[in-house]
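Asks: Take a look at the following structure, please.
The values are calculated or read from the model by the stated rules, or taken from the named source; none is laboratory data. Here the structure is a predicted model, which means the values were calculated and not measured. Neighbour counts run over all protein chains shown; Cβ positions are idealised from the backbone, glycine included. The protein model used for the area step is the full one, side chains on, heavy atoms only, and it has no ligands, DNA or RNA in it. Shrake-Rupley method; radii C 1.70, N 1.55, O 1.52, S 1.80 Å.
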Amino acid sequence: MKLDILKLDASSAGNIDLAEEIFGLEVRRDILHRMVTWQLAKRRAGTHKVKEKSEISATTKKFVRQKGSGGARHGSRKAVQFRGGGVAHGPRVRDHSHDLTKKFRKLALKTALSAKAKDGKLVVLDSADFSESKTKALAVAFDKLGWKSALIIDGASVNEGFARAARNIPQIDVLPQVGANVYDILRRDTLVLTKGAVEALEARLK
């Protein structure tokens, strides 16, 4: 699979061959869905909690006589139907994460890359070097390239000036290659990989 290489000034810098086994797979939505669910589940703190009946501090004295009142035979103010009582079947502190094999996670990342390539939303950038560190200048460059919502993935590390300039541009994310993940790839419209990122991802996923 051949793809043109662009520079930040929108000029061409040749082309690159992309590995078919990474960027040319069949797009399976079920794999992407399972991977995104796994990622979001891992992010959950799981600290949600309510007080149950046994944790409420209230009287257990029988507060209405057994017979003759015409009402129910209550023996505790902790019961769930009373104001200030416990909560029935409420959330408890727990771990929401679940297992997903390394092989499956690797396949999901390949599938996400292939999905962007198939949709024509994959762009290869010559390099993400930007010495100005000015958000306004980088925003102008992105407008020229037509990037309104993009994830930009660099090689082993992200250029400091580029990362600083891109920080305040809405819907633009910048990650090093090691941080490439399915959720961030899918949540942005355009996926931009530097040549260094392509090499690193192919070495990582082959």
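Asks: What's the angle, to the nearest 10 degrees (0 to 90), between helix 135-145's Cα axis and the longest principal axis of the chain?
Replies: Here the helix axis deviates by roughly 70 degrees.
Asks: Another one. Below 12 Å Cα-Cα, how many Lys pairs turn up in the stretch 44-99? Only count pairs eight or more apart in sequence, or on different chains, if you could.
Replies: Eligible lysine pairs with Cα atoms under 12 Å apart amount to 4.
Asks: May I ask for the Rg/Rh ratio of the stretch 84-206, computed from Cα atoms with Rh as the Kirkwood radius, given to two decimals?
Replies: We get a ratio of 1.13 for the stretch 84-206.
Asks: Rounded to the nearest whole Å², what accessible area per residue is found for the chain with the 1.4 Å probe?
Replies: Using a 1.4 Å probe on heavy atoms only, each residue of the chain averages 60 Å².
Asks: Would you mind checking the tilt of helix 102-118 against the longest principal axis of the Cα atoms of the chain, expressed as 0 to 90 degrees and rounded to 10?
Replies: Roughly 60 degrees, rounded to the nearest 10.
Asks: Sort 150-158, 8-16, 34-42 for me by packing, meaning the mean count of neighbouring Cβ atoms within 10 Å per residue, highest on top.
Replies: Numbers: 150-158: 20.4, 8-16: 11.9, 34-42: 15.8.
Descending packing order for the listed peptides: 150-158, 34-42, 8-16.
Asks: Can I ask one more? Can you send over the carbon and sulfur percentage of the accessible area for the stretch 45-151, probe radius 1.4 Å, protein chains only?
Replies: 50
Asks: What does the extension gain come out to for Ser76 and Glu160, with contour length at 0.36 nm per residue minus their alpha carbon separation?
Replies: Length difference between fully extended and current span is 23.9 nm.
Asks: Based on alpha-carbon atoms only, what is the radius of gyration of the chain relative to the globular estimate 2.2 N^0.38 Å?
Replies: 1.61
Asks: If you don't mind, another one. In the Gaussian network model of the chain, springs joining C-alpha atoms below 10 Å, which of Thr111, Thr194, Thr60 carries the largest mean-square fluctuation?
Replies: In this elastic network of the chain, the residue with the biggest mean-square fluctuation among Thr111, Thr194, Thr60 is Thr60.
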